[in-house]
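First comes the structure, then the notes that go with it.
The values are calculated or read from the model by the stated rules, or taken from the named source; none is laboratory data. Note that the structure is a prediction, hence the values are computed from the model and not measured. Every residue, glycine as well, gets a Cβ built from its backbone with ideal geometry; the counts of neighbours run over all protein chains shown. We work out accessible area using only protein heavy atoms, side chains counted, and drop any ligands, DNA or RNA first. Shrake-Rupley method; radii C 1.70, N 1.55, O 1.52, S 1.80 Å.
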Amino acid sequence: MKLSNLFCNLKDMLNIVIFGAPGSGKGTQSENLIKRYNLAHISTGDVLRAEMKNGTELGKLAEGYIAKGQLVPDDVVIGMLANVLDTKKDAAGVIFDGFPRTIPQSDALDEMLKERGQEVSIVVSLEVEEPELIERLIKRGQQSGRSDDNMETIKSRLDVYKNQTSPLKEHYEKTGKLASIKGVGTVDEIFERIAEAVDKIK
Ligand code: AMP
C-alpha cells in the first residue's frame, strides 16, 4: 500500500463525539450509530463503572466523584482514554461517548488523534431541555441501580454539565464540527436526524 493511501485511510476514519447533558440519549444513540456505521464505542462512564465493579484503584478513586455527580479529574480520565483508544486500533472509527467533558479533555483528544494521523470528524450535540432530562434520569434511576441517578446527584450533574461541559459547544462550533440535533421525539426519529448529519460529512 502506498504511504499516501495509508494517510488517506486514516483521515477517512469516522470519529464521532456524541455530546449532551446527562439523560440526553448519548448511550442509546451510540448503540444505533455502532450498528449503522460499524464503529467502536468508548463510553468513559461505562469504563469507570466497570473499574468500580472490579474494585480497581482507578475505580476506587472514581467512586466518590461519581456518587457526588462531579467530574473525575482530567488527568485520570485522559490517561484512561488513551489506554482504551489503543485497544480500538482496528476499528473504522470510534464513538466517544461522555468524553470530552472539559476543554483540557478536548485538547487531549485532538492531540491523541493527531498522533494517530486522525481527527474528530463530527460532534453530535443532543439538545434536550432540563425538565425532560430530569424526568428521564429519574425514570432511568428506577431501573438502572446507578448510584448517580438520584435527585440530589442529578442536580449536581446538570450543574456540572452547564458550567464545565457545555462551553465545549462553543469551542467545537468554531471548528465547524458541531451538529446540534434536537434530542426529543422517538429514538428512531432522533437517530435519523443524527444519521443525516453524519452522512453529510462522509
Ligand atoms: P456518564 O455515564 O457519562 O453519565 O458518566 C457518569 C459519571 O462518570 C460522571 O458523572 C462523572 O463523574 C464520570 N465521568 C464520565 N466521563 C467522564 C469524563 N469524560 N470526565 C470526567 N468524569 C467523567
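Some notes on this structure:
- Over the chain, the hull volume per residue, using the convex hull of the C-alpha atoms, is 122 Å³.
- Gaussian network model of the chain, Cα within-10 Å springs - most flexible of GLY98, GLY183, GLY141: GLY141
- In Hz, Karplus ³J(HN,Hα) per residue of the stretch 30-43 (6.51, -1.76, 1.60; θ = phi - 60°; x = Gly, Pro): 4, 4, 5, 5, 4, 5, 6, 10, 6, 10, 7, 10, 10, 10
- Between HIS41 and ILE95, the built amide H atoms are under 5 Å apart, and every one of these is 5 or more places off in sequence or on another chain.
- Violating pairs (Cα-Cα greater than 18 angstrom) within the set LYS89/LYS114; LYS26/LYS169; LYS169/LYS200; LYS53/LYS88; LYS26/LYS162: LYS169/LYS200; LYS53/LYS88
- Excluding same-chain neighbours fewer than eight residues apart, the aspartates and glutamates reachable from LYS202 by a Cα-Cα span under 17 Å are ASP12, GLU119, GLU192.
- The accessible surface of the chain, taken with every protein chain in place and a 1.4 Å probe, is 51 percent carbon and sulfur.
- For ARG140 and ALA50, the difference between the fully extended length at 0.36 nm per residue and the C-alpha to C-alpha distance is 30.5 nm.
- Partner aspartates and glutamates for LYS60 [C-alpha distance under 13 Å; skip if fewer than 8 residues away on the same chain]: GLU51
- Spin-label model distance (nm) - GLU31 vs GLU111, 7 Å beyond Cα toward Cβ: 3.5 nm
- Hits among aspartates and glutamates - C-alpha to C-alpha of LYS155 under 18 Å, sequence gap 8 or more where chains match: GLU63, GLU127, GLU129, GLU130, GLU132, GLU135
- Among residues other than GLY185 with Cβ under 12 Å from its Cβ, the summed charge is -3 (Lys and Arg +1, Asp and Glu -1).
- Which of GLU111, GLU51 is most accessible, then next, and so on - probe 1.4 Å: GLU111, GLU51
- Using the 1.4 Å probe convention, the accessible area of the stretch 1-112 works out to 49 Å² per residue with neighbouring protein chains retained.
- Ranked order, SER106, SER156 - accessible area, probe 1.4 Å, largest first: SER156, SER106
- Using R0 = 22 Å, the C-beta based FRET efficiency linking ASP12 and GLU173 works out to 0.35.
- Given charges at beta-carbon only (K, R positive; D, E negative), |dipole| of the chain in Debye: 320 debye
- Whole-number accessible area per residue in Å² for the stretch 132-179, which is evaluated in the context of all protein chains at 1.4 Å: 62 Å²
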